[in-house]
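No lab work stands behind these numbers, since they all come straight from the coordinates. These figures come from a predicted structure and were not determined experimentally. Using ideal geometry, Cβ is built from the backbone for each residue, glycine included, and neighbour counts are taken over all protein chains shown.
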Amino acid sequence: MSAGITTYIQAPSTTCTSLSSEKSPLDTRRVATVILGGGQGTRLFPLTKGSCKPFLLYGGKYRLIDVPISNALNSGCNQIFILTQFLSNVLNRHISSTYQFSSFSQGFIRLLSAEERPEKKVWFQGTADAVRQSLDHLKESEADYFLILSGDQLYHMDFNKMLKRAEETDADLIISCLSTDEESAKRMGVAKINGSGFLTAFHEKPQLQEDLLRMRLTPKDPDYLASMGIYMFKRKALFDLLTEDTREDFGKHLIPTQVKKGNVAAYIHEGYWEDIGTVASFYEANIALTTSTPPFNCFDEKWRIFTNTTSLPGARVYNSKINCSILSEGSIIDTAEVNQSIIGPRTIIGKGSSIHSSYLLGNDIHYTEQKFYIGTNCVINRAIIDKQVTIGNNVQLVNKNKLFHYDGEIVYIRDGIIVVPSGTTIPDGFSI
């Protein structure tokens, strides 16, 4: 069937509707989870100047890596390998200090970094290459299935349902998919499935119109079915594929190869999902948390996001107007206005300052040790202020010329959003 023809297909057995509190009879001990720690993250510069994407602070509290780890743990998948490489020291420290299993538990989180070996002395060259170079460690697990996840995506998913789909279909590979529009489809992998939910075609990040596989599940759905980059492989199928196709990337190289081999089924996810690949997506995903019904629910006690706890005091607010905002622990706000913004831990905002539609990531160091603060009478609008930033008095960060892209000496603009990198000091009276 040609790419321009819309088709509808009913696949009720593949659909995830809502997370269930009932315990699944499936044995998740059969599943080992592999989380990819992310590459250099150049499209997120300057936020990734000093750390990798999965370490970015989300919602003033969590690290992006906490989301896939929490999804796995909430699903009962507690054999977890995390593959790291780029600026991974802080990420490794966070994982080691946050996720600790009892000595009586069979669960583990194992950090695997690129290793120099006698036969190969190179860094990970891509997602598939990272898994291939880690095979000796993965083979130590007796798992029947390997669940491969990205370390920088936001979503809730019960992987028991994906495992159930794998067992029902006996597929060599299950790809988690969701319906999306054309703009999003062009930056993802698009798939076409048959009446049984098995893939018949796949293209990664299609730019040509003939490669856009129009696949609408129901008349109400968007026009395309896209891969979320979440894969559940049978053990033998994964090991064989990595040996047969020695190229670097799953989406670009190995997934099309496996689809051509056949026996690849889709698992349809319904609900929020976001890939944090740009400054705009990072900004929008965070600001969305300040709405009355955020698309990503951090308040679900039955499906918690785990992270490192702190012993910081609660936020202190004096004579201020706060609306639709999140205030993190240890922050101090004095006679200021904060609207639709996230104020990260240990943030200090001076008198007369206004913060609108912005994300202030906060500080790792308490203000009594070294002063990082927002001065008096400042105006900050549509901005991301990274950690350990000092902003003087009477500073205007408002993008008054409505620039889309700008590289300055102390501030940047990406996708129309002002970004102040970590460690920056902005002098009194600065304006952009």
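On full extension of the chain, what length is gained from Gln207 through Glu168, given 0.36 nm per residue of separation minus the C-alpha to C-alpha distance?
Gain in length upon complete extension: 10.6 nm.
Taking H as built 1.01 Å from N, whose amide H comes closer than 5 Å to the amide H of Arg110, not counting residues under 5 places away?
Ile80, Phe81, Ile82
Give me the distance between the Cα centres of region 23-101 and region 122-169, rounded to whole Å.
Each part's Cα centre sits 13 Å from the other's.
Can you compute the modelled spin-label distance between Gln106 and Asn339, with each label point 7 Å from Cα toward Cβ, in nm?
So the two model labels end up 5.6 nm from each other.
May I ask for the distance between the Cα centers of region 292-321 and region 220-246, given as a whole number of Å?
35
Could you give the C-alpha radius of gyration of region 316-426 expressed as a fraction of 2.2 N^0.38 Å, taking N as the number of residues it contains?
0.97
Rounded to the nearest 5, what is the percent of antiparallel bridges among the DSSP beta bridges in the chain?
Here the antiparallel bridges make up roughly 40 percent for the chain.
Of the cross-linked pairs Lys205/Lys260; Lys351/Lys402; Lys321/Lys351; Lys371/Lys402; Lys236/Lys261; Lys53/Lys252, which ones have a Cα-Cα span greater than 23 Å in the structure shown?
In this structure, Lys351/Lys402; Lys371/Lys402 exceed 23 Å between Cα atoms.
Could you please report the charge total around Tyr58, scoring K, R as +1 and D, E as -1 over all other residues with beta-carbon less than 14 angstrom from its beta-carbon?
-2
Summing -39500 (n - 2.57) over the DSSP H runs of n ≥ 4 in the chain and dividing by its residue number, what mean residue ellipticity at 222 nm do you reach, to the nearest 500 deg cm²/dmol?
-4500 deg cm²/dmol
To make sure I understand, if each residue's beta carbon is the centre and we count other beta carbons within 10 Å, what order do Trp303, Trp273, Trp123 fall in, fewest to most?
Going from least to most buried by this count: Trp123, Trp303, Trp273.
Which shape class applies to region 236-336: rounded if a/c is under 1.5, otherwise prolate when a/b exceeds b/c and oblate if not, where a ≥ b ≥ c are the square roots of the Cα gyration tensor eigenvalues?
Cα axes put region 236-336 in the prolate bin.
Of the beta bridges DSSP finds with both residues in region 206-354, what % are antiparallel, to the nearest 5?
10
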